[in-house]
Every structure is written in structure tokens, then in C-alpha cells.
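The values are calculated or read from the model by the stated rules, or taken from the named source; none is laboratory data. Owing to the predicted nature of the structure, the values given are computational and were not obtained by experimental measurement. Cβ atoms come from the backbone with ideal geometry, glycine included; neighbour counts cover every protein chain shown. Side chains included, ligands, DNA and RNA excluded: accessible areas come from the protein's heavy atoms. Shrake-Rupley method; radii C 1.70, N 1.55, O 1.52, S 1.80 Å.
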Amino acid sequence: MLSGILVFLCLLFGITGSVYSQSPRLVENGKIDLSSYNFQQNSPVLLEGNWEFYWEQLLSPSEIRSFDKTQHREFSKSWNSGNQYSAMGYATYRTTVYISKNSGPLALSVPDFYSSYLLYVNNQVVSRNGMVGTSKEDYTPHWLPSTFALGDIDSDSLVIVLQISNFDHSKGGAYYPIKLGSTEKLFNERAIEYGYAFVLTGALLMGGLFFFGLYLFGRHETTILYFSLFCIIYSYRIIGFGSYPLHFLLPNLPWIVTLKLEYITLFLSGYIFGMYTLNLYPRESSKKLIYLLSGISLLFIGITLLFPPSFFTQLVTPYFAILVSYILYAFYVYIRAVVNDSPGAKYALISTGSVFFVFLYEILAYFGFTERTLLLNFSGYLFFFFFQSLILSFRFANSLKLAKERAEESSIAKSQFLSTMSHEIRTPLNAVIGLSGLLSESKLNDQQKEYSKIINQSGENLLGIINNILDYSKIESGKLELADIDFNIRAAVEQVLDLISSTNKNPDLELLYSVDDSVPDFVIGDSNRVQQVLINLLSNALKFTESGEIYISVNMIPDESEGIRLEFKVKDTGIGIAEDQMHRLFQSFSQVDPSSTRKYGGTGLGLVISKKLVEAMGGSISVLSNENVGSTFSFSIKVEKSQIISDLESSNIFKGKSVFILDDNQTNLEILKSQLAKAGIKTTTYDKPKDLINDIEKLDSFDFGILDMQMPEITGVQVAAEIQKKWTKAELPLVLLSSIHNEEVEKYKDLFHLHLNKPIKHTALLRNLERIYQPNHKKGIKKYVSNYQGNSFKEGLSILIVEDNLINQKVLVRILDKLDLKADIANNGLEALKLNRSKKYDLIFMDMEMPEMDGIDATKQLLSSKNDQEKPTIIAITANARIEDKELCLSVGMKDFLSKPVTTEIIKKTLIKWFPAS
Ligand code: ADP
């Protein structure tokens, strides 16, 4: 058992010692007879046993011959063991080996003998380490195990004389036997031994450096740091100890340096291994115990650094006990970690298990049950380090996974926070915008009007900011999902223009647009996102352009791939952007000129969001700009071909018709011309009213005429009056184009058949012109044209408002009141169900979040019982503004989704959309 533990401890100390087998016989009384031993076929022999021993004498071979007082002593036993002699001193050993004359080439392997030695074979000095001497002053210690050839021996005996001196180490004398064998076998043995050691050192050093790099450039995990240091330090021990391959590489290394390094690395690897275990499994390890063991290790390092070898070399024996405790304790920790299912614990157990297996095997070899092999020893180490590194890789991967999960959680929390924030802000904002809107339309003096306008505008700005931030966070978190639906490009652009033109109060600014003929009516893509980008670019253009025009054009660009590539351009004649400021565009929260924020408002997010949206749609966005001339923002997107074709384009009602157009704006003339040409209408254009008046006689050749209202000198109204002097309204229908609102043009309704607002929208233009020819055209309109909006809604609608917030109830009631509508109020879903039982509602405005019963549940129940005819039209009005919320509302059967705040304009449009006046 004791010897088992000894072997075990030898292994702990990294002794990769040579392969040996049991000697065929021992040296007895300084003699050993190997004359019948075949060295070339059999393993080398360890010259163990009782050698002649001359204490405190350094004798040369010739001096011994005359000596008669011979003593004997076991060779592999240090001087001070058994307290027979002292560790410090000097002595000579001698043995005679009888061999056969034809033993072949022989060699000796000599270990180091703690300090210095001189070796003679048959009177010749064959090897030495340092210088032997009889006092500390005249001796030099050195360590370098060596294997050297004796050559062919022309004698039947080898007389081996070994002088050893030691005045430094706490152990003196020989501790490991000299080995005699065939030159080939001994040299092979050493080469293999060094080979394994160098490979193992290289592997550990590289592994250690790799983990060190991981620590430095990674997340600074101390476990990884400890493991990397353990590998690096241990890599030194493999070559700086045992058979000392390092000393073989660097033979002139000072003895004291290698000695100190050997001891320091021993204590340090114990210390680091303890800290590594503690960091790896803090729950399973006892901090106190590991700190105690580590403290002792550090103390021993200190002693090694400060004290002479005679003292610190004595520390090895007590340190045995510490190391054993370390290893056994680590094994216990790993078992606990496996029980607790800690990450990588199984690898840790396998790792120590593999080392224990090697120990066991070594013990069995020691007792002669198996052969000891270097390969097994080598594999044991390799397994140990490999599995330890697996634990770290496992933990590293695990911590990355955890970090990812945490990031995902925090991103969910972030978007949750944002949507709650947006919800909470929208609710009061609904009141601010709604009521200030109503206020500004009531009887107020100029100053009060101005104030309420500012409140309303600020509310709108705030709303824009909230929307932008919501979008931005959605795009940033990669949650942007694009819809794939058939949509009408012209209608989509027109809707945007509708929205923007309603905010354009500037009479000096014309809004124009054209969609190239090559662009199909319908494509598959995400119309909402396209519109969002257009709205961003258009509102910027509007914001930064005082006068002139804003022109949107849509073109198709050839694309090699299957789909279609559309290019949108938004060109303005505004302030432009200076060359050196261009780089600030498309960056988060960046505005070209921060002072412009004060003047124009904005968050600096519009362009970033547009860029990300466009990129998500497979395209890119760019800008060309000249300061004080204007800017053109262009973006392209990829869309798919749609199977739907427009019914208007394919109808023949306009084929062959001819029309004259009068407009002083050339761009506008071109646009109109191409729009009409697309429907098969021939056009003649005039840019000067006078020219047209001159042609007045010939005008009956035209089917109808289009006149622009605002022109210098003579207005469209005046021209129309002139025409009507000659041709009646029925003979020559006239269409008025203007940027002003319907009420004002009412005055001229006798002159014109139709009044169209600028910008002229392709579908609306054709749809309206259709009326000139087919008064009952609406019957034939297919579903997609539901985009088309008249100007009024059905009267006498019965409406229910389901809303828990008192102010929001009031805002909506007021808005409806303005539109001459009355509504009932339910404070939550349950009340709505109750009211709905006793009265039939045409329209229900439904809030989403309410106490007792929310809007979703209420809608489900409201729609479940009745047949299709009786089902009310339910429209969500909610402070939840996410696409998911909209989808949820529509999925339970709501018809539309309005996010708060709502304005009179929005409610009116919605009513027109769902309840158009027939
Ligand atoms: P903001 O909400 O501040 O308008 P954007 O990202 O939409 O944010 O625009 C960033 C900046 O780019 C604007 O503040 C403005 O300085 C500049 N910019 C954008 N469009 C135009 C334009 N059409 N003409 C001049 N400057 C523009």
C-alpha cells in the first residue's frame, strides 16, 4: 500500500521516468555477474543492490584498489535515509559488472545525483555533472541525466566508480540506479522518453496559450485564466523535471535556477489547480479548505524564493500530503458537481478518472502485474488536460448561450417597455391632439387659435417621435417582418400623397407624382413599409422646402432575377444639404444641422428607419443634393410580380377620346399627358391660357378639357368662363385642377363637371373621369378600388364607443358630434355586450385594453352570435400601435385598426371608407 502511494506521489510530481523492468539480479557486495546476460536482446539492467561505499572520500579507481576497509551500501538510497550519514558530504561508490566479451556495443544511462558526480568506467572518466569536491567552496552542482555509449568492450568486466558530492540539497547521494544496456536500446529509450515529453509540453503550452488568449480577448473568465496558467506551468514541469529534457536542450542552465523553477512550478501548479477547481465549481467547493491549501502553496513559493536549497528542498515531503489532499478533494468536488448536474462536471470526473486510472496502472506495474509504459503515462496526461479543456469549452459555449438568452430576454423586456410606454403616452396624447383639434375649430380669438394650433402640432410631433422610436427598436432587434401581399403601387403612392397634401398648407409648393407606364399596377410586397418610407421622405421634403415642387416618381429598373425592381424618387426644391454634411445622413439620431431641429423639429430617426426598411426590402437608398437647390432621395426595392391586373386600364371606355390640358407647369403637363395616354386618351397640351383662348373655336373636337386653377395672369376659372361662352357644360365637360379645398371651389361648380385636387392621382383621375361617361360606374368597381374615397359618409349611423378612459370617451364623442353623429358609451366589453343586446349598432369603436372584459374578447362574443347581415362593423381604436396588435384585432374579426390618437380627419376618413354615402 505504502509503495503504491509512493508511486502515486511520484506520478503527481510528474516523474515521467524511464521504462524499466525488474533487474535479472542485484549487485551484491559490489559485484554483479551479467556474463550470461544477452544485452542486445533483453532490456537494459538497473544496477541496483549493494555497492562498495566509501564515505567522505573521493577515490579514483586506482586509489580504491589499494583500499582494504570496504563497506557496502544500497545504491538507490539517499545518504541521510535511516540517518546513517548526513545529506551534505561526499562519497565514492564502486561496483564490478561481469559481462561476456561479446556483449556487443553497450551504453550507460546515468540519472542526476541531486548535485554533482564524476563517473569512471574501467579507469576512464566517462561522465560528470558539475564538479565534485570535498567542500562547498571547491564543488559545483549541476543536473543533467545522460546516456552515453561505452563502445565495444574488450574485457569481461566493467569497473564502475562513482564520486558524488553534495553541499546544497537536503538529500545527498544516489536515489535512482544507473542503467546498463545495449547502446541501441538505451538511446532509443531516451529518444522516446524525450519525444513524449516534448510533444506533451508543446500540446500543453499551446493549449495554455490558446486559453490565455481566450481569457484576454474573451469575457475575462477567471476559470479560463487559471486553467491556461495551469497548462503553461505544467508544460514546464514535463521537461524541467524527471529526466530533465529541458536540461538536455539547454545544458548550461544554472543549477540554482532550474532547482528553484522546479520547486516553484510544483507549488504553483498546486495553488492554481486549487483556485481553478474553486472557480469552476464554487457551489461544490469549500472556500476555506482551498484557501488553506492555496495559502500553504503560496507560503512554500515564498520560502523557495528566499531560502537556500538546503532548506526549501525539505518542503517536498510535507507538500506530498497537500497534493494528495488537493487531488482527493478535487475528486470529491467533481462528484458533487455531477450530482448537482453542474455544467461540464461529467468531463471533470472523466478527466480525474483518467489520471486515477493511470495511477492504478502504475501501481500494478510497480508490483509487477503489468508492464509500465510511457505511452499510457502520456495518454493519462493528455486525457486529463483534454477533458479539463472540454469542461471549459462546454462552459464557454454555455455562457455564450446564457448571454444570448439574457440578451434576448432584455430585448423582449425592452420592446415590452417600449410598447407599454407608447401605450401610456398615446392615451393622454389622444386627449391632447383630439381636444386641441376640436378647440382650434371652435370660436376662439387669434391668439387662442395660435396656442391651440401649437398644442396640436406639438402633440403630432410627439406622436411622430413615439412611432419612430417604436419602429427603430423593432428594426434594431431584428423583429421586422415584411408582409407579402398584392398591392396597387399607384394607389399606395396616392394614399401617401393624400396624407401629406392634407398637411401641406403652403400654396407655393406643388406636389407632383408620376408612375412610369412600365410599372405594373399590382405587385406583391409590403405596401405599408413602402408607404412608411415614402411618408418619411415626403415629410422631410415638405419640411425643408419653402417653395417650388416636390415630385415623386416611380420607375421600373431591369433586374436580372425573377422579381421586379422598383425605383422611387422624391425630388424637392428645398434647402438642400451641403456636401460636407452628407455623411451625417442615414445615421441614428443625426441631423445635418442641429439648429434645424429647433426650427423644423424631428428626431433624426426617419432616414435611418427608411434605410433599414429599404434594405430589408432588398434595396438601397441614396441621396443627391445641392445646397439651396434641392435634394433627391432615391430608393429601390424588390417586389414580386402579381397576378392581378387593373380593371380600369383594361376597360375600353376612354379609348380614342381626346382631351386638352391647360397648365403652366410643364412637369404637371407631362405627368397628366402620360397618365391619360395610358388609358388610351389623346391629349393636346397648352401652357399658356391665351393660346387656348385663341383656339376656342376648335375646342368642340375635344371630348373634355382639363384646366389648372392657379396660373399667373389668367386663372383656370377665368378660362372656363370664356369657354362656356362658346360651349355648354354638356357639350364640353371641363375638369378643374387645384390645390385648394372643395368648399372654396363650390362657387365654381356651374363651370366644371369635376374638381380634382393636386397632386393628380392616376387611379383617382381615371376613376373620376369615368364618371363623365358612366354615371353608374360604381356598380362595376371591383374590390381593390375600395381605396377610392368619396367625400361623405352615410347619415344616421348608430354608433357605440367601448372605452374605459373618460377623457378618450369625451374626445371621440366630440369628434362624432362635429360630424353630426351621436354615440352610446360602454365602459368595457361586458357593458358593450349588454347594450348590443338591446340595440343594433352599425359601428362599434372598440378599445383593446379594458377592465372586466377587453376589446378582443368582446369582439369575439359580439361577432359570434349574429349572422353576417346583423354583425356590427367593429373598428379598433387603441393605444397599442404594434403590427402584432393590428393583426390580432383583424384576426378576431375587427374591420379596421386606428391607433390613438385619433383626429376628426381620421374618423371622417374611416367613416367614408366603411360607410360611404350612396
Ligand atoms: P428628422 O426626423 O430629424 O427629419 P431624418 O432622419 O428624417 O430625421 O433626417 C435627418 C436630417 O437629414 C434632417 O434633420 C435634415 O437635416 C436632413 N434632411 C433630410 N431630408 C432632407 C431634405 N429633403 N432636404 C434637406 N435636408 C434633409
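For the stretch 230-238, the condition of being under 17 Å from His142 (Cβ atoms), of a type in the set (Lys, Arg) and in contact (Cβ under 8 Å) with a residue 12 or more places away in the chain holds for none of the residues.
Matching residues to (1) modelled with pLDDT of 75 or more; (2) within 16 Å of the ligand (Cβ to nearest atom); (3) surrounded by fewer than 18 Cβ atoms within 10 Å (Cβ to Cβ):
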site	(1), (2), (3)
Glu615	yes, yes, yes
Phe633	yes, yes, no
Lys641	yes, no, yes
Ile645	no, no, yes
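What's the total number of residues in the stretch 239-259 that are closer than 20 Å to Ala203 by Cα, of a type in the set (A, V, I, L, M, F, W, C), open to solvent by less than 50 Å² (accessible area, probe 1.4 Å) and touching a residue at least 24 places away in the same chain (Cβ under 8 Å)? Counting residues in the stretch 239-259 that are closer than 20 Å to Ala203 by Cα, of a type in the set (A, V, I, L, M, F, W, C), open to solvent by less than 50 Å² (accessible area, probe 1.4 Å) and touching a residue at least 24 places away in the same chain (Cβ under 8 Å) gives 2. Residues in the stretch 294-318 that are over 20 Å from Met275 (Cα atoms), within 50 Å of the chain's Cα centre (by Cα) and free of Cβ contacts under 8 Å to residues at least 24 places away in the same chain: Ile303 alone. Of all residues in the stretch 564-600, those satisfying the criterion of being within 7 Å of the ligand (Cβ to nearest atom), part of a loop (DSSP other than H, G, I, E, B) and either open to solvent by less than 40 Å² (accessible area, probe 1.4 Å) or modelled with pLDDT under 85 (or both) are Gly574, Gly576, Ile577, Leu585, Ser590, Gln591, Val592, Asp593.
Scanning the stretch 483-490 for any residue that is buried (at least 17 other Cβ atoms within 10 Å of the Cβ) and either within 16 Å of the ligand (Cβ to nearest atom) or among the basic types (Lys, Arg) (or both) turns up at least one such residue.
May I ask you to list the residues in the stretch 221-232 that are open to solvent by 10 Å² or more (accessible area, probe 1.4 Å) and either in contact with a Leu (Cβ under 7 Å, 6 or more places away or on another chain) or assigned to a loop (DSSP other than H, G, I, E, B) (or both)? Walk me through how you get there before you give the answer.
Going residue by residue through the stretch 221-232, those that are open to solvent by 10 Å² or more (accessible area, probe 1.4 Å) are 221-222, 225-226, 229-230, 232.
Matches in the stretch 221-232: Glu221, Ile232.
Let's see how each residue does on (1) open to solvent by 70 Å² or more (accessible area, probe 1.4 Å); (2) under 19 Å from Lys810 (Cα atoms):
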| position | (1), (2) |
| --- | --- |
| Ala397 | no, no |
| Ser422 | no, no |
| Leu429 | no, yes |
| Gly437 | no, yes |
| Asn445 | yes, no |
| Ile466 | no, no |
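The single residue among Pro901, Pro872 that is touching a residue at least 60 places away in the same chain (Cβ under 8 Å), farther than 24 Å from Gln495 by Cβ and open to solvent by less than 70 Å² (accessible area, probe 1.4 Å) turns out to be Pro872. Flag not set for Lys479, criterion: of a type in the set (Lys, Arg), within 16 Å of the ligand (Cβ to nearest atom) and either open to solvent by 50 Å² or more (accessible area, probe 1.4 Å) or over 19 Å from Asn668 (Cβ atoms) (or both).
Quick grid of which residues meet (1) without any contact (Cβ under 8 Å) to a residue 60 or more places away in the chain; (2) within 16 Å of the ligand (Cβ to nearest atom); (3) within 37 Å of the chain's Cα centre (by Cα); (4) in a helix (DSSP H, G or I):
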position: Tyr451; (1), (2), (3), (4): yes, no, no, yes
position: Ile454; (1), (2), (3), (4): yes, no, no, yes
position: Ser458; (1), (2), (3), (4): yes, yes, no, yes
position: Asn461; (1), (2), (3), (4): no, yes, yes, yes
position: Ile465; (1), (2), (3), (4): no, yes, yes, yes
position: Ile469; (1), (2), (3), (4): no, yes, yes, yes
position: Ile475; (1), (2), (3), (4): no, yes, yes, yes
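Out of all the residues in the stretch 517-562, which are assigned to a loop (DSSP other than H, G, I, E, B) and under 38 Å from the mean Cα position of the chain (by Cα)? Within the stretch 517-562, Asp526, Phe544, Pro558, Asp559, Glu560, Ser561, Glu562 meet the criteria. Count of the stretch 242-278 residues, restricted to those that are within 46 Å of the chain's Cα centre (by Cα), of a type in the set (Phe, Trp, Tyr) and closer than 29 Å to Phe148 by Cβ, is 1.
Looking at the stretch 514-548, which of its residues are of a type in the set (Phe, Trp, Tyr) and either within 16 Å of the ligand (Cβ to nearest atom) or open to solvent by 30 Å² or more (accessible area, probe 1.4 Å) (or both)?
Phe544
Contact map, the stretch 705-726: first residue in contact (Cβ under 8 Å) with a residue 60 or more places away in the chain, second residue open to solvent by 50 Å² or more (accessible area, probe 1.4 Å) and not polar (S, T, N, Q), Cβ cut-off under 8 Å, separation 6 or more or different chains; pairs are Gln710/Pro507. Elements of the type strands (runs of 3 or more DSSP E) sitting completely within the stretch 41-128 and holding at least 2 residues that are under 60 Å from the mean Cα position of the chain (by Cα): these cover 106-110. Among the residues of the stretch 79-123, the one identified as at pLDDT below 90, within 20 Å of Pro177 (Cα to Cα) and touching an Asp or Glu at 6+ places or on another chain (Cβ under 7 Å) is Ser115. Scanning the stretch 124-135 for residues that are surrounded by 14 or more Cβ atoms within 10 Å (Cβ to Cβ) and more than 18 Å from Pro251 (Cα to Cα) gives Gly133, Thr134.
Among the residues of the stretch 227-257, those identified as polar (S, T, N, Q) and closer than 25 Å to Phe384 by Cβ are Ser228, Ser235, Ser243.
Which ones in the stretch 327-350 are open to solvent by less than 20 Å² (accessible area, probe 1.4 Å) and at pLDDT below 80?
Gly344, Ala348
With respect to the conditions (1) part of a helix (DSSP H, G or I); (2) of a type in the set (D, E, K, R); (3) open to solvent by 40 Å² or more (accessible area, probe 1.4 Å), Glu262 lacks only one, and its number is (3).
Here Ser235, Ser285 are screened, and the one residue that is of a type in the set (S, T, N, Q), part of a helix (DSSP H, G or I) and crowded, with 20+ Cβ neighbours inside 10 Å is Ser235. Tallying residues that are touching a Phe, Trp or Tyr at 6+ places or on another chain (Cβ under 7 Å), without any contact (Cβ under 8 Å) to a residue 24 or more places away in the chain and open to solvent by 40 Å² or more (accessible area, probe 1.4 Å) within the stretch 68-107 yields 1.
If you go through the stretch 530-568 and keep only what is under 29 Å from Val629 (Cα atoms) and of a type in the set (D, E, K, R), you end up with Lys543, Glu546, Glu549, Arg565, Glu567.
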